[in-house]
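What follows is a short report on a single structure.
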Amino acid sequence: MKRLRSTLGLPLLLLAFAWGQELIDQLVFSGQWNLPMLPGGSILGVLTAPFSHGGFGHLISNSLWFLPLSWLVLAKGRRDYLAVWIGVYATAIPVWLFWPVGSHGLSGVIYGLLGYLLVIGWLEKRPLSLLLSLGCLVVYGGLLPALLPMLSPAGVSWIGHASGFVGGLLAALAIHREPSPG
């Protein structure tokens, strides 16, 4: 029961940081206190960007995707969840260094979680994991076009989505272990 509570609670705690930041931003700073990842900005922006949003609509949208995808990865394990976050942060660094436009929001993490879930089943080749990957493709596949610049809505950081997705793929590859022969 304690493990279940921590599994359900961790994404809620992370989301509480994002909601707290947005509440302070809106109530105290009139929407002007964002913590994005900016080109030429501090590395701190890479760490704070997932918790900063461009208003409540942006945060609500991300929250609705973040929670179920987080819980699905956490169902695989906490190590898997941590690997996705590390992968997303690792792939955000080149974007921060070389991309000319700033970005923020949980969508990079959302795409990292999705990337992980889509590929882990195919790597593990176990029926339940394959079913999880296939189910995520069916339910969340509509998010995939936003990985491409020509299909991403104006003002949306497709590069943040794509880098997060790659981070999730890398996390799945890092977590996956081929059975040893013999």
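Can you run down the residue pairs with Cβ atoms below 6 Å, 6 or more apart or on separate chains, where the first is in the range 46-65 and under 18 Å from Trp85 (Cβ atoms) and the partner is acidic (Asp, Glu) and assigned to a helix (DSSP H, G or I)? The qualifying pairs are His53/Glu22.
Scan the range 126-149 and tell me whether some residue there is under 17 Å from the mean Cα position of the chain (by Cα), within 16 Å of Gly77 (Cα to Cα), of a type in the set (Ser, Thr, Tyr) and modelled with pLDDT of 90 or more.
Within the range 126-149, one or more residues are under 17 Å from the mean Cα position of the chain (by Cα), within 16 Å of Gly77 (Cα to Cα), of a type in the set (Ser, Thr, Tyr) and modelled with pLDDT of 90 or more.
Within the range 117-139, is there a residue that is in contact with a strand residue (DSSP E or B) (Cβ under 6 Å, 6 or more places away or on another chain) and in contact (Cβ under 8 Å) with a residue 24 or more places away in the chain? Taking every residue of the range 117-139 in turn, none turns out to be in contact with a strand residue (DSSP E or B) (Cβ under 6 Å, 6 or more places away or on another chain) and in contact (Cβ under 8 Å) with a residue 24 or more places away in the chain.
Out of all the residues in the range 105-118, which are farther than 12 Å from Asp80 by Cβ and either surrounded by fewer than 24 Cβ atoms within 10 Å (Cβ to Cβ) or in contact with a Cys (Cβ under 6 Å, 6 or more places away or on another chain) (or both)? Matches in the range 105-118: Leu118 only.
Scanning the range 140-159 for residues that are surrounded by 13 or more Cβ atoms within 10 Å (Cβ to Cβ) and either over 28 Å from Thr48 (Cβ atoms) or in contact (Cβ under 8 Å) with a residue 60 or more places away in the chain (or both) returns Tyr140, Leu143, Ile159.
For every residue, the table says whether it meets (1) out of contact with any helix residue (DSSP H, G or I) (no Cβ under 7 Å at 6 or more places or on another chain); (2) under 27 Å from Phe98 (Cβ atoms); (3) among the hydroxyl-bearing types (Ser, Thr, Tyr).
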residue: Lys2; (1), (2), (3): yes, no, no
residue: Gly9; (1), (2), (3): yes, no, no
residue: Ala18; (1), (2), (3): no, yes, no
residue: Phe29; (1), (2), (3): yes, no, no
residue: Met37; (1), (2), (3): no, yes, no
residue: Leu44; (1), (2), (3): yes, yes, no
residue: Thr48; (1), (2), (3): yes, yes, yes
residue: His53; (1), (2), (3): no, yes, no
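Taking the condition surrounded by 19 or more Cβ atoms within 10 Å (Cβ to Cβ) and under 15 Å from Pro68 (Cα atoms), does Leu137 pass? Taking the combined requirement at face value, the residue does not satisfy it.
Of the helices (runs of 4 or more DSSP H) that lie entirely inside the range 9-123, those containing 3 or more residues that are among the polar types (S, T, N, Q) and modelled with pLDDT of 95 or more span 56-76.
Would you call Leu137 touching a Gly at 6+ places or on another chain (Cβ under 6 Å) and assigned to a helix (DSSP H, G or I)? Spelling it out, it is not the case that Leu137 is touching a Gly at 6+ places or on another chain (Cβ under 6 Å) and assigned to a helix (DSSP H, G or I). Remark: pairs (first residue in the range 7-36, in contact (Cβ under 8 Å) with a residue 24 or more places away in the chain and among the β-branched types (Val, Ile, Thr); second residue buried (at least 17 other Cβ atoms within 10 Å of the Cβ) and assigned to a helix (DSSP H, G or I); Cβ separation under 8 Å; 6+ apart in sequence or on different chains) = Thr7/Leu74.
Considering (1) in contact with a helix residue (DSSP H, G or I) (Cβ under 9 Å, 6 or more places away or on another chain); (2) closer than 30 Å to Lys2 by Cα; (3) of a type outside the set (A, V, I, L, M), the lone condition that Ser152 does not fulfil carries the number (2). Between residues in the range 71-93 that are more than 20 Å from Ala162 (Cα to Cα) and residues that are surrounded by fewer than 15 Cβ atoms within 10 Å (Cβ to Cβ), which pairs lie under 7 Å by C-beta distance while being six or more apart or on different chains? Pairs that qualify, where the first residue is more than 20 Å from Ala162 (Cα to Cα) and the partner is surrounded by fewer than 15 Cβ atoms within 10 Å (Cβ to Cβ), are Trp71/Leu8.
The values are calculated or read from the model by the stated rules, or taken from the named source; none is laboratory data. Predicted, not measured: the structure shown is a model, and the values here were computed from it. Cβ: placed from backbone, ideal geometry, glycine included. Neighbour counts: every protein chain shown.
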